[in-house]
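A.B. asks: Provided herewith is a single structure, encoded as structure tokens, for subsequent inquiry.
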Amino acid sequence: MTRPRVYLTRKLPEKPMEHLRKIFEVEMWKEMCPPPRKVLIEKIREADGLISLLTDKLDGELLHTTSTLKIIAQYAVGVDNIDLRVATDRGIYVTNTPNVLTETTADFTFALIMSIARRVVEADRYIREGKWKIGWHPTMLMGRDIHGSTLGIVGLGRIGSAVARRAKGFNMKILYFSKRRKPELEKELGVVYKDLDDLLMESDFITLHVPLTNETHHLIGERELGLMKETAFLINTSRGSVVDEKALYKALKNGDIAGAALDVWEHEPTPNDNPLLNLINVVASPHIASSSLETRTKMAEKVAENLEFFFKGKTPPDLVNKEVIKIKKPSKLI
Ligand code: NAP
């Protein structure tokens with residue numbers, strides 16, 4: 001039996017790569033940057049499986065160019081770069097990597113909360129730029145308390161709940177807004193449901209954990225930022241386009257809110273001249289919330305597991321477009 005051909009759009013950690021090579025005919029894009037569209041089209045014309053990253057734009061037009069592709073195993077939990085409707089119509093399975101990155105992403109969200117509230121990045125720059133001239137001073141680089149403050153979680157899913165668990169340890173009051181109310185989590189975590197407007201008005205820290213969809217695009221815009229307290233901070237580790245960056249810049253510049261910590265951006269990589277980067281009350285990171293050695297390795301193992309299940313003729317554990325099952329059965333090729 002010929003082995004399934006899998007195209008990989010970037011190098012993954014070595015151990016899971018070895019495993020993939022044992023089972024599949026693996027071809028890989030070797031550069032650090034994403035493969036050009038032309039290359040992607042050429043490769044998926046022959047591949048049975050594709051391992052994609054969130055930087056690979058897999059839109060309807062591109063998916064219509066392949067008749068061999070059977071599964072896209074995304075190396076991320078978010079799948080907003082993939083046209084799921086077209087994939088489903090064409091019988092292409094789409095899988096992601098949930099759970100394994102939840103705790104790592106929640107850790108980083110908390111790192112951002114702490115960095116923006118306690119001015120950690122600013123303090124580091126302050127010393128390095130030789131500004132620390134007068135020793136200890138009562139009002140030097142004063143921040144805001146995290147413990148005892150109110151955290152508003154938008155999207156109480158896996159990562160949102162993991163952030164809530166951390167916030168409990170900080171004795172924070174926790175509000176949440178999500179598509180559906182979660183009575184069990186309300187009981188377990190002591191979180192209180194609010195509609196989005198009330199959450200925005202009452203929270204000291206607002207952290208975003210919704211997927212990017214048509215509904216959540218610019219969920220936080222001028223009106224929503226206007227509802228936040230002048231002393232409040234916005235933290236975004238979800239997807240950049242959940243926030244209207246132009247409106248955010250205006251709100252920060254005018255002092256309508258106190259600060260923002262952003263791991264994700266409307267356009268990635270965000271250009272150097274993004275005006276948000278000129279603001280001292282912005283902490284910036286380049287989409288690294290899930291980037292730990294342990295988690296990035298587990299994500300690759302998940303990708304391999306989903307592919308193996310599929311090509312053994314079984315439903316992959318992390319199937320995103322579940323309706324596809326009615327259209328096509330998994331392919332038994334190994
Ligand atoms: P998840 O478990 O699916 O949680 C998402 C939550 O958002 C769900 O609770 C869902 O509500 C809620 N939601 C969806 N649409 C909504 C809407 N229109 N209004 C209000 N709430 C809505 O996903 P997750 O694993 O926590 O991941 C969340 C997102 O984080 C991913 O989609 C990804 O984009 C992002 N992420 C980023 C990084 C990074 O490196 N920065 C890493 C990992 C993930 P219900 O439960 O009520 O349906």
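The values are calculated or read from the model by the stated rules, or taken from the named source; none is laboratory data. No experiment lies behind these values; they were computed from the predicted model shown. Virtual Cβ from ideal backbone geometry, glycine too; neighbours counted across all protein chains shown. Ligands, DNA and RNA are stripped out before the accessible areas are found, and what is left, the full protein with its side chains, is counted by its heavy atoms. Shrake-Rupley method; radii C 1.70, N 1.55, O 1.52, S 1.80 Å.
A.B. asks: Taking 18 Å as the cut-off for C-alpha to C-alpha distance, list the pairs among LYS38/LYS329; LYS15/LYS302; LYS70/LYS328; LYS57/LYS298; LYS70/LYS314 that go past it. Each step should come with its number before you reach the end.
C.D. replies: Numbers: LYS38/LYS329 29 Å; LYS15/LYS302 12 Å; LYS70/LYS328 9 Å; LYS57/LYS298 23 Å; LYS70/LYS314 13 Å.
Long pairs (Cα-Cα over 18 Å): LYS38/LYS329; LYS57/LYS298.
A.B. asks: Using 0.36 nm times the number of residues separating ILE41 and ASN272, minus their current alpha carbon distance, what extension gain do you get? Mind showing how you got there, number by number?
C.D. replies: Details: separation 231, 0.36 × 231 = 83.16 nm, distance 3.02 nm.
The span from ILE41 to ASN272 would gain 80.1 nm if fully extended.
A.B. asks: I need the per residue convex hull volume for the chain, using only the alpha carbons, in cubic angstrom as a whole number. Let's see the in-between values first.
C.D. replies: Details: hull volume 50.8 nm³, N = 334.
Residue-normalised Cα hull volume stands at 152 Å³.
A.B. asks: Moving to a separate point now. Compactness ratio of segment 244-334: Cα Rg over 2.2 N^0.38 Å, N = residue count?
C.D. replies: Numbers: Rg = 20.6 Å, N = 91, 2.2 N^0.38 = 12.2 Å.
Against the empirical 2.2 N^0.38 Å value, I get 1.69 for segment 244-334.
A.B. asks: What does the accessible area per residue of the chain come to in Å², with a 1.4 Å probe and no ligands, DNA or RNA counted? Before the final figure, lay out each step's value.
C.D. replies: Numbers: 16850 Å² over 334 residues.
Value for the chain: 50 Å² per residue.
A.B. asks: Sticking with this structure for a sec: Take the chain, mark every one of the GluC sites (Glu not before Pro) that falls in a DSSP loop and has at most 15 other Cβ within 10 Å, then report the longest stretch left between them, sites excluded. Before the final figure, lay out each step's value.
C.D. replies: Details: sites that count: GLU31, GLU46, GLU129, GLU215, GLU230, GLU323.
The longest such stretch corresponds to 231-322.
A.B. asks: Pairs on different chains or at least eight residues apart, Cα atoms closer than 24 Å: how many lysine pairs in segment 102-284 fit?
C.D. replies: So the count of such lysine pairs works out to 18.
A.B. asks: Could you pull out every residue, at least 5 positions away or on a different chain, whose amide H is within less than 5 Å of the one on VAL283? Hs are placed 1.01 Å off N in the peptide plane, and Pro or chain starts have none.
C.D. replies: ALA260, ALA261, LEU262
A.B. asks: Could you state the number of Å between the C-alpha centres of segment 1-20 and segment 98-151?
C.D. replies: One Cα centre to the other: 39 Å.
A.B. asks: Within straight cross-link reach of LYS30, meaning Cα distance under 16 Å, which aspartates and glutamates are found once same-chain residues fewer than 8 apart are removed?
C.D. replies: By straight Cα distance, LYS30 reaches GLU14, GLU18, GLU42, ASP56.
A.B. asks: Also: Simple spin-label model, 7 Å along Cα-to-Cβ: LYS173 to ASN214 in nm?
C.D. replies: 3.8 nm
A.B. asks: Another question, if that's okay. Under the rule of at least 5 residues apart or a separate chain, name every residue whose amide H is placed under 5 Å from the amide H of SER331.
C.D. replies: GLY313
A.B. asks: Please compute, over every Cα-Cα pair in segment 102-284, the percentage with a separation greater than 20 angstrom.
C.D. replies: Details: 8651 of 16653 pairs.
Of the Cα pairs, 52 percent sit more than 20 Å apart.
A.B. asks: Hey, another quick one. Express in nm, to one decimal, how much length is gained between CYS33 and HIS147 on full extension, taking 0.36 nm for each residue of separation and deducting their alpha carbon distance.
C.D. replies: Values: separation 114, 0.36 × 114 = 41.04 nm, distance 4.05 nm.
Extra length available between CYS33 and HIS147 comes to 37.0 nm.
A.B. asks: Follow-up question, since we're still on this one. Taking 8 Å as the Cα distance limit and 6 or more residues as the minimum spacing, I'd like the relative contact order of segment 34-91 as a percentage. Write out the running numbers ahead of the final one.
C.D. replies: Details: 69 pairs, mean separation 22.4, N = 58.
For segment 34-91, the relative contact order is 39 percent.
A.B. asks: What are the aspartates and glutamates whose alpha-carbon lies under 14 Å from the alpha-carbon of LYS312, with same-chain residues fewer than 8 places away excluded?
C.D. replies: Candidates past the 8-residue exclusion: ASP48.
A.B. asks: For the residue pair GLU188 and ARG85, what label-to-label distance in nm results when each label sits 7 Å from Cα along the Cα-to-beta-carbon direction?
C.D. replies: Once both label points are built, they end up 3.4 nm from each other.
A.B. asks: Calculate, in nm to one decimal, what ILE288 and GLU61 gain on full extension: separation in residues at 0.36 nm each, minus their alpha carbon distance.
C.D. replies: Numbers: separation 227, 0.36 × 227 = 81.72 nm, distance 2.93 nm.
Gain in length upon complete extension: 78.8 nm.
A.B. asks: Further question: Around LEU175, which amide H atoms from residues at least 5 apart in sequence, or from another chain, sit under 5 Å from its own amide H, with H modelled in the peptide plane?
C.D. replies: LEU151, GLY152, ILE153, VAL192
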